[in-house]
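Heads up: the structure comes next, in structure tokens.
A short reminder: the numbers here are calculations on the coordinates, not readings from a lab. All of these numbers come straight from a predicted model, not from anything done at the bench. Cβ placement follows ideal geometry from the backbone for every residue including glycine, while neighbour counts extend to all protein chains displayed.
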Amino acid sequence: MTVRRTAVAMAVAAATAALVTSCSAAHPRSTADEPRTGPVAESSSSVNRSNWPEATPTSGLAKGLSLPLEAYMETYQDTVALDDAERHLETQCLADYGLHVTFPPAGQTPPPSADDSNMPRRYGITDRAQAEKYGYGLPDAIQHQEGTRMPQLTKDQVEVLTGRTSIRRSPADPAPGQAPSTFQGKAIHKDGCAGWADDRLGTRDMDFSLVSQLDGESLTRSQRTPAVQNAIAAWSTCMKGKGYTVDTPYHAGDIVTHTDGSPSKEEIAVAVADIDCKQSTDLVKIWFAADSKIQEQQIKDHRSALDALRTRLGAARVTVTDVQKRDAQ
């Protein structure tokens, strides 16, 4: 993650389809007789959390495993809390300009894993119960999500929210121009209400790319260690004994064709064999140990930058709590 632009990023498709002035969507600027803050974003407390990923796996061969670098990652729970707070502040900020928008609560489209480590599938599939039901696929509730419906924004709302004349949908689109410096006589914040919300939360330019980079490097390097190579070879021999020729766990899912939502008996058989062979060879434990050792050294080598990032994230969490308390009063 580089720059947080929650409402902006999620509203791209909806907003760019309606960058025209709509009298029903925009309201006159608040007067002295009207409250300065209009409706606010709904809280994710109303969202179904049953499909949210656990911070640490609670089942399967990866149960209880957490890598050293995960202490520096933004979890899905962090993402939802920060997104909710940003949308709340953006909504209040827009209302200050007489532009009333209600953003939906965050947390409606959870990912399969809680952070970039992807621990449940970092070394291939690890949960036998899921394999017996979905093969190499994901649970139905994760695969078939409706998505979050963002409100369509008017041209005025986009400009005040982003400080730009439009929202860029893809790198191929021309860069949006600078919005006017004021809206109905009121100065627009730097980067609009989204930038103002970032500044309030301390998340402007909060960048987790170093953590992601190191995490990817440790996985690649650990796979090349003798201990992991030997474990993978043992796993491959085990799979061959069950009738499947495959060199690494990352290629096991290619043995048979996968169809989302309706895995074949053959796919389930391969997936179960894959996990059983991981268990009998201790592949996950061996790989995790090598991965962890590399990450421990990475943390020593990048201690200053990683600690600074963790401090910023911790401060943002505190600010989110303060925002929630003020809203409850």
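The table below lists the values:
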{"read-out": "Translational diffusion coefficient (Stokes-Einstein; Kirkwood radius from C-alpha pairs) of the range 6-328 at 25 °C, 0.890 mPa s, in µm²/s", "value": "110 µm²/s"}
{"read-out": "Built amide H within the under 5 Å cut-off of Phe183, gap 5+", "value": "Ile188"}
{"read-out": "Sum of side-chain charges, Arg221 neighbourhood, beta-carbon under 14 Å (Lys, Arg +1; Asp, Glu -1)", "value": "-2"}
{"read-out": "Taking the chain and dividing mean pair separation by its residue count, relative contact order in percent (alpha carbons under 8 Å, at least six apart)", "value": "25 percent"}
{"read-out": "Difference of contour (0.36 nm per residue) and Cα-Cα distance, Asp282 to Ala141", "value": "47.8 nm"}
{"read-out": "Dipole of the range 158-222 [Lys/Arg +1, Asp/Glu -1 at C-beta], most positive-end residue of Gly163, Ser222, Leu210", "value": "Gly163"}
{"read-out": "Along each principal axis, Cα extent of the range 260-320, largest first, Å", "value": "49, 30, 14"}
{"read-out": "Fully extended contour minus Cα-Cα distance, from Thr321 to Ser264, at 0.36 nm per residue", "value": "15.8 nm"}
{"read-out": "Loop-located trypsin sites (Lys or Arg not before Pro) in the range 150-226 whose Cβ has at most 15 other Cβ within 10 Å (DSSP)", "value": "Arg168, Arg169, Lys190, Arg224"}
{"read-out": "Added length on full extension, which subtracts the Cα-Cα distance from 0.36 nm per residue, His100 to Tyr250", "value": "49.2 nm"}
{"read-out": "Contact order normalised by residue count of the range 40-157, Cα under 8 Å, 6+ apart, percent", "value": "36 percent"}
{"read-out": "Extreme residue, positive dipole direction of the chain, given options Ala131, Gly314, Ser59 (C-beta unit charges)", "value": "Gly314"}
